[in-house]
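The values are calculated or read from the model by the stated rules, or taken from the named source; none is laboratory data. Everything quoted here is computed from the prediction, not taken from an experiment. No Cβ is skipped: glycine too gets one built from the backbone with ideal geometry, and neighbour counts run over all protein chains shown. Just so you know, the surface numbers come from the protein's heavy atoms only, side chains and all, with ligands and any DNA or RNA stripped out. Shrake-Rupley method; radii C 1.70, N 1.55, O 1.52, S 1.80 Å.
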Amino acid sequence: MGRLLDISQVTAGYGSITVLRNISIGVDAGECIGLFGPNGHGKTTLLQTISGLLRPAGGRISFEGTDITGARPRDIVNAGLIQSPQGNTLFGDMHVLETLELASISRRARRGRDENLRRVFDLFPQLGERRSQKAKTLSGGERQMLSIGCALMCSPRLLMLDEPTLGLSPRLKKELAGAVGNIARSGVPLVIVEQDVEFLLSLTQRLYMIEHGEVIREIDRANAPDHDSIMKLYFGEAVH
Amino acid sequence: MIDTLIATLVSGLVLGSLYAMMASGLSVIWTTLGVFNFAHGALMMIGAFVAWTVSEAAGLGLLVGIASGTLAAALLGVLIERLLVRPYYGNRNMLLITVMTTLAAMIILEKGAQMIWGARLKQLPRLVDGEISIFGATISAHEAILVVLAPLILLSIWRFTVRTNVGRSLRAVGQNQRSAALIGIDVPVAFAIAFGLSAALAGLTGALLGSIRFITPSMGAEPLVKAMIVVIFGGLGSLGATAGAAYIIGIIEALLILWLGLYWTPFVLFLMMIVVLVFRPTGIFGSSQ
Ligand SMILES: Nc1ncnc2c1ncn2[C@@H]1O[C@H](COP(=O)(O)OP(=O)(O)OP(=O)(O)O)[C@@H](O)[C@H]1O
Ligand SMILES: [Mg+2]
């Protein structure tokens with residue numbers, strides 16, 4: 001049994017623009033990892049490629065030992081590899097409950113629908129209160145909760161969160177961080193993209209720093225650098 | 001006087017039912033894919049011809065004929081999506097390109113029908129014989145069936161899109177393709193279902209209309225234009241608005257025919273459409289944002 005998710009030498013981009021260059025990342029069973037790095041350097045592109053929204057030009061992606069390179073998004077969801085995308089606007093004209101129910105449309109998620117729904121409302125009681133409200137009328141924080149809730153409705157075996165606290169107030173950010181911690185403790189392996197390295201270190205075992213579509217540094221929680229050297233790493237090397 | 005008015009309103013109701021069934025098909029495709037299908041009227045015509053072939057030429061009976069016409073149109077709709085629309089997904093000019101490709105499909109279907117079935121006028125028998133009188137205005141029982149069937153069909157499509165997961169997934173794909181894919185909805189399948197459903201509606205309408213009007217290769221052109229006026233008038237997107245607009249246009253058309261005659265009616269309808277486009281581009285029922 002190899003790794004849960006194994007990304008090996010993947011190259012991908014948009015048309016003639018190459019964004020990811022021979023990137024290799026792995027997640028082991030029961031592990032949470034973090035991705036960080038300056039804006040526009042390929043973190044979202046990597047998640048889109050893993051989810052099958054972008055077809056890699058080279059390399060191999062496997063999940064639970066099965067090759068999923070170039071597979072259809074539907075089949076990847078069916079395998080339990082789920083993503084809550086960045087800045088998600090979901091389905092503006094659909095109600096919260098309708099959206100959550102729809103999110104369990106995949107074959108593997110259908111069975112656990114009622115239990116997952118209970119779990120989502122336990123995790124985000126606010127969503128329960130707004131169950132018949134249209135998604136477009138939700139606040140930014142509530143939208144983020146709905147997006148994570150949808151991902152949970154898919155019964156994830158691995159959950160990728162792309163900047164779950166983007167643009168939220170410090171208070172809301174803390175609340176969502178708490179919820180993400182809850183999900184991690186419930187045993188769902190996570191891949192979290194975030195700019196806040198300390199936040200990532202509190203939730204994950206390992207961090208990858210991504211710059212120019214490559215992993216330029218791997219950080220273990222056990223020997224994580226202190227705050228100052230992280231800041232230096234970030235701003236010292238990122239600014240051109 | 002009152003009698004003519006009632007007769008006019010009733011014939012407007014028949015027209016409205018026809019337009020509602022045609023326009024709701026256009027609306028299903030628009031809300032799911034964001035494209036406009038110009039072959040919609042031609043698919044209606046195919047429904048009528050296939051119904052005629054199965055029912056009259058092969059002698060299998062009208063109901064089997066109507067079912068075959070509906071199915072044939074649905075399959076052709078899926079084929080059009082596959083060959084003429086799908087290659088352009090994600091293209092910046094998709095809307096414009098598909099205007100041309102679906103127009104091409106319309107021409108191919110019309111010319112094809114002319115080659116297969118010839119130019120001689122054909123007509124289907126009626127589902128039931130006899131006439132029905134509503135407040136003194138008489139219509140054929142067949143037209144009465146159309147009037148009753150149209151709202152039932154619209155209601156079931158609406159229920160389908162609101163209650164069932166497949167129907168909801170069509171709405172989801174229309175609102176956010178990426179998010180839809182990420183919760184496991186098969187986006188290309190959703191597109192095919194939308195086209196198939198829409199084309200089935202067109203085919204069924206054609207098969208039912210084949211008993212009232214003559215079946216010709218160009219019989220779909222006029223209903224398509226009217227359905228376009230309806231969706232512009234009602235605002236694209238909501239099925240309820242489309243249905244409401246269909247009945248309003250049907251009744252206005254009947255009244256215009258009464259007052260101005262057949263010659264000037266299309267002119268006034270188009271004028272109305274332009275006025276709506278200028279002053280309320282999102283349609284009479286559309287939100288004004
Ligand atoms: N659809 C697209 N077409 C062309 N280029 C794109 C597209 N989406 C992203 N890019 C480019 O790919 C590069 C990487 O973008 P990506 O969204 O992966 O960055 P990111 O690391 O997630 O950034 P952020 O932290 O701001 O979310 C950027 O230069 C961006 O402009
Ligand atoms: Mg990003």
Revision key, fill the gap. Any aspartates and glutamates whose Cα falls less than 20 Å from that of B:Lys122, other than same-chain ones fewer than 8 residues away, would be B:Glu56, B:Glu110, B:Glu143, B:Glu222
Practice item. Go ahead and run the numbers for FRET between B:Leu5 and B:Phe270, Cβ-Cβ distance against an R0 of 22 Å, rounding to 0.05. Key: 0.35
Check your understanding: Using modelled backbone amide H atoms (1.01 Å from N, in-plane), which distant-in-sequence or interchain residues come within less than 5 Å of A:Ile68's amide H?
Key -> A:Ile61, A:Ser62, A:Phe63
Point to revise | Rounded to 5, percent antiparallel among DSSP beta bridges of segment A:3-234 | key: 55 percent
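At R0 = 30 Å, how high is the FRET efficiency between A:Leu166 and B:Leu79 if r is their beta carbon distance? Nearest 0.05 is fine.
After rounding, the FRET efficiency stands at 0.10.
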Exercise for review: For segment B:3-89, calculate the relative contact order in percent as a whole number, restricting contacts to Cα pairs under 8 Å that are 6 or more residues apart.
Suggested key: 18 percent
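How much of the DSSP bridge set in the protein assembly as shown is antiparallel, in percent, rounded to the nearest 5? Could you put the intermediate results ahead of the total?
On the way: 26 of 42 bridges.
About 60 percent, rounded to the nearest 5.
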Check your understanding: In degrees between 0 and 90, to the nearest 10, how far off the longest principal axis of chain A does helix A:113-123 point, with axes built from Cα atoms?
Key -> 70 degrees
Review point. Hey, what do the phi angles of segment B:41-50 turn into as Karplus ³J(HN,Hα) couplings, whole Hz, using 6.51/-1.76/1.60 and θ = phi - 60°, x for Gly and Pro?
Key: x, 5, 5, 4, 4, 4, x, 5, 5, 5
Practice item. Over segment A:3-234, with every protein chain in place, what whole percent of the accessible area is carbon and sulfur at 1.4 Å, could you tell me? Key: 46 percent
Study note, to complete from the structure: Expressed in angstrom and rounded, the centroid-to-centroid distance over alpha carbons for segment A:157-187 and segment B:27-49 is 44 Å
Study note, to complete from the structure: Within the set A:Pro125, A:Pro156, A:Pro189, GNM on chain A using Cα springs under 10 Å gives the largest fluctuation to A:Pro125
Review point. Label-point separation (nm) for B:Ile134 and A:Glu129, each offset 7 Å from Cα along Cα-to-Cβ?
Key: 4.9 nm
Revision key, fill the gap. Per the rule of 0.36 nm per residue minus the C-alpha distance, extending B:Val166 to B:Ala141 adds in nm 5.5 nm
Check your understanding: Tell me, what is the percent relative contact order of chain B, built from C-alpha pairs under 8 Å that lie six or more residues apart?
Key -> 36 percent
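What is the gain in length, in nm to one decimal, between B:Ala119 and B:Val225 on full extension, counting 0.36 nm per residue of separation less the C-alpha to C-alpha distance?
Computed gain between B:Ala119 and B:Val225 is 36.0 nm.
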Practice item. Per residue of segment B:17-32, in order, report the coupling 6.51 cos²θ - 1.76 cosθ + 1.60 (Karplus, θ = phi - 60°) as ³J(HN,Hα) in whole Hz, putting x for Gly and Pro. Key: 4, 4, 5, 4, 5, 6, 5, 5, x, 4, 5, 4, 5, 4, 5, 8
Exercise for review: With a 1.4 Å probe on protein heavy atoms only, tell me which residues of segment B:176-225 lose at least 30 Å² of accessible surface in the complex relative to the chain by itself.
Suggested key: B:Asn176, B:Arg178, B:Ser179, B:Ala181, B:Leu182, B:Ile183, B:Gly184, B:Asp186
Check your understanding: So if R0 is 35 Å, what FRET efficiency would A:Arg108 and A:Asn223 give, r being the distance between their Cβ atoms, rounded to the nearest 0.05?
Key -> 0.40
Study note, to complete from the structure: Taking placed amide H atoms and a strict 5 Å upper bound, the residues 5 or more places from B:Ser211 or on another chain that come that close are B:Leu124
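What do you get when you divide the Cα radius of gyration of segment B:2-279 by 2.2 N^0.38 Å, with N the number of residues?
0.99
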Exercise for review: Mind listing the long-range amide H neighbours of A:Ile192? Cut-off is under 5 Å, sequence gap 5 or more, other chains count too, H placed in the peptide plane at 1.01 Å from N.
Suggested key: A:Ile33, A:Gly34, A:Leu35, A:Leu161
**Study point:** Choice from A:Gln133, A:Gln83, A:Gln144 with maximal GNM fluctuation in chain A (Cα, 10 Å cutoff)
**Key:** A:Gln133
Check your understanding: Who wins for biggest fluctuation among B:Gly41, B:Gly167, B:Gly250 in a Gaussian network model of chain B, springs between alpha carbons below 10 Å?
Key -> B:Gly167
Review point. Tell me, what is the per residue accessible area of segment B:131-215 in Å², probe radius 1.4 Å?
Key: 37 Å²
Practice item. Provide the buried accessible surface between chains B and A in square angstrom, both chains summed, 1.4 Å probe, rounded to the nearest 100. Key: 1900 Å²
Exercise for review: Just tell me which lysines come within less than 22 Å, Cα to Cα, of A:Lys136; anything on the same chain fewer than 8 places away is out.
Suggested key: A:Lys173
